[in-house]
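Here's the structure we're looking at; comments come further down.
The values are calculated or read from the model by the stated rules, or taken from the named source; none is laboratory data. This one's a predicted model, so the numbers in the text were calculated from it and none came from an experiment. Cβ: placed from backbone, ideal geometry, glycine included. Neighbour counts: every protein chain shown.
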């Protein structure tokens, strides 16, 4: 029963995290800095919040007399990989936008659930049912409808489209690495150390790009702080927290809510039109998540708590 409750709570946290991350394209659009500099500040400015979260978590562990897991050399390597994967995700995502249409870049970046599902099956032996694959296909089609009003395939966009697929691969690799790390480490530990690596990796890229690193107004700094604290520390942190208690493939599919919520927010905040076809695509994504949840229950993964044997993970 406790595992079922943990799975339900984690699903709520995952949806909340996806909603907060969906704010990031809005903040990037409103940022006064270039895309790479904005991505650097997304990770860098989140570090104070993440260190506070980590410190609070360590204090709570000591009060409970819990055994805190010491970081091993392998943990540091994996944390570094997670940070580099996320830096690669952000860098290639922004690069793909400059080489292809926003619709194409968004759609191919959201191919991540395909790679996560394959990786989770191969690495974690997560069961994949035909019903789940059907839900995954429907969710990807729904995402295409939401973001794909200007989607087109042609030779001029081939490089950008390819970079978009690489973005999806980086995002998938990040999720799988975090899923593995959650067997031992808390979400706060993973977010803090991986974000430090992400910021360190993006800083030289921002410098080489020639973009300004200092926002000219307080408004600009406010946008950067909102991106760092809400979308990164809040949204990515919630996703990392939820990954300990939900199958990786299902979690990746739920994160497809991001483009749906982002399109809705762009309609409200940026006055970008949201037509009935896009709304229908969003409904398809939502319905697919419900079906995928039923499929994971059928596969016996609804109460998965880090691993095939239901072992409890780091909190």
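Residue 250 satisfies every condition listed in (1) in a helix (DSSP H, G or I); (2) farther than 30 Å from residue 287 by Cβ; (3) at pLDDT below 95 except (2). Taking the range 120-140 as the range and being surrounded by fewer than 22 Cβ atoms within 10 Å (Cβ to Cβ), under 25 Å from residue 86 (Cα atoms) and in contact (Cβ under 8 Å) with a residue 40 or more places away in the chain as the test, the residues that pass are 121, 123, 124, 125, 140. Which one is nearest to residue 27 (Cα to Cα) among residues in the range 273-285 that are surrounded by 12 or more Cβ atoms within 10 Å (Cβ to Cβ) and free of Cβ contacts under 8 Å to residues at least 40 places away in the same chain? Among them, the one singled out is 274.
Only one of the numbered conditions (1) surrounded by fewer than 22 Cβ atoms within 10 Å (Cβ to Cβ); (2) more than 14 Å from the chain's Cα centre (by Cα); (3) modelled with pLDDT under 95 is not met by residue 37, and that is (1).
The single condition from (1) buried (at least 19 other Cβ atoms within 10 Å of the Cβ); (2) at pLDDT below 95; (3) in contact with a helix residue (DSSP H, G or I) (Cβ under 6 Å, 6 or more places away or on another chain) that residue 182 fails is (3).
Yes or no, residue by residue, for (1) at positive phi; (2) part of a helix (DSSP H, G or I); (3) out of contact with any helix residue (DSSP H, G or I) (no Cβ under 9 Å at 6 or more places or on another chain); (4) touching a residue at least 40 places away in the same chain (Cβ under 8 Å):
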| position | (1), (2), (3), (4) |
| --- | --- |
| 6 | no, yes, yes, yes |
| 13 | no, yes, no, yes |
| 19 | no, yes, no, yes |
| 26 | no, yes, no, yes |
| 32 | no, no, no, yes |
| 39 | no, yes, no, yes |
| 53 | no, yes, no, yes |
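Residues of the range 59-93 being modelled with pLDDT under 75 and part of a helix (DSSP H, G or I), which ones? Once the filter is applied, which keeps residues that are modelled with pLDDT under 75 and part of a helix (DSSP H, G or I), the range 59-93 yields 59, 60, 61, 62, 63. For the residues 228, 215, the requirement of being more than 23 Å from residue 114 (Cα to Cα) and in a helix (DSSP H, G or I) singles out 228.
Among the numbered conditions (1) closer than 28 Å to residue 284 by Cα; (2) at pLDDT 85 or above, the only one that residue 153 does not meet is (2). Against the conditions (1) surrounded by fewer than 22 Cβ atoms within 10 Å (Cβ to Cβ); (2) more than 20 Å from residue 264 (Cα to Cα); (3) at pLDDT below 80, where does residue 100 fall short? Just the number, please. Condition not satisfied by residue 100: (1). Considering only residues in the range 258-281 that are farther than 16 Å from residue 139 by Cβ and in a helix (DSSP H, G or I), the one that is modelled with the highest pLDDT turns out to be 276. Listed by first and then second residue, the pairs linking a residue in the range 232-243 that is surrounded by fewer than 24 Cβ atoms within 10 Å (Cβ to Cβ) to a residue that is in a loop (DSSP other than H, G, I, E, B) and modelled with pLDDT of 95 or more, with Cβ atoms under 7 Å apart and 6 or more places separating them unless they lie on different chains, form an empty list.
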